[in-house]
């Protein structure tokens, strides 16, 4: 089986590239690479999510499920510099890109991690995600059932899923 954006260790060449995007009202340059989700642009789903979510809370622990190169995490971190953003992915290349992008933007409030690196006692003030639909319905449902119950009281979650990719069943 070839690489997918949800491969833990992509075997394809890294092929770094830069893209220009607008996050949190700022035009920035982000580093992306092959072997991660949407390496050539801000994908439409994430664009819709960012345009239609309310402003992030001023602080707390936030979770970005399936962070890819970090668009949602970076947006949250720029909006809420006093929050701690947990950028979650299985793809080590994606996590490295999040770290690079956060460093280049001077953001020290992002933790790019795998699931086992998130302390069990953390409850999230918000979850924002363009979840990894292509992992399959059973795995996606398990992912949501793992993280959505970790929302704190008076918190929210905003997710985007294309209708043709199973939003109704999710």
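The values are calculated or read from the model by the stated rules, or taken from the named source; none is laboratory data. All of these numbers come straight from a predicted model, not from anything done at the bench. Note that we place each Cβ from the backbone using ideal geometry, even for glycine, and neighbour counts take in every protein chain shown.
Results, tabulated for the structure shown:
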read-out	value
Lone qualifier among 145, 117, 162 - being surrounded by fewer than 15 Cβ atoms within 10 Å (Cβ to Cβ), over 17 Å from residue 30 (Cα atoms) and either in contact (Cβ under 8 Å) with a residue 60 or more places away in the chain or touching a helix residue (DSSP H, G or I) at 6+ places or on another chain (Cβ under 7 Å) (or both)	162
Test: residue 99 is on the phi < 0 side of the Ramachandran plot, surrounded by fewer than 24 Cβ atoms within 10 Å (Cβ to Cβ), in contact (Cβ under 8 Å) with a residue 24 or more places away in the chain and outside any loop (DSSP other than H, G, I, E, B)	no
Residues of the range 1-32 that turn out to be under 15 Å from the mean Cα position of the chain (by Cα), modelled with pLDDT of 95 or more and part of a loop (DSSP other than H, G, I, E, B), as a count	1
From the options 120, 83, 112, 157, residue that is at pLDDT 95 or above and under 20 Å from residue 19 (Cβ atoms)	112
Residue in the range 53-74 that is surrounded by fewer than 19 Cβ atoms within 10 Å (Cβ to Cβ), without any contact (Cβ under 8 Å) to a residue 40 or more places away in the chain, under 24 Å from residue 14 (Cα atoms) and over 10 Å from the mean Cα position of the chain (by Cα) present	no
Single match in 77, 87 (criterion: in contact (Cβ under 8 Å) with a residue 12 or more places away in the chain, outside any loop (DSSP other than H, G, I, E, B), farther than 16 Å from residue 24 by Cα and in contact with a strand residue (DSSP E or B) (Cβ under 7 Å, 6 or more places away or on another chain))	87
Residue match in the range 55-67 (condition: part of a helix (DSSP H, G or I) and modelled with pLDDT of 95 or more)	no
Test: residue 128 is part of a loop (DSSP other than H, G, I, E, B) and touching a strand residue (DSSP E or B) at 6+ places or on another chain (Cβ under 7 Å)	no
Residue in the range 90-103 that is closer than 22 Å to residue 54 by Cβ and within 13 Å of the chain's Cα centre (by Cα) present	no
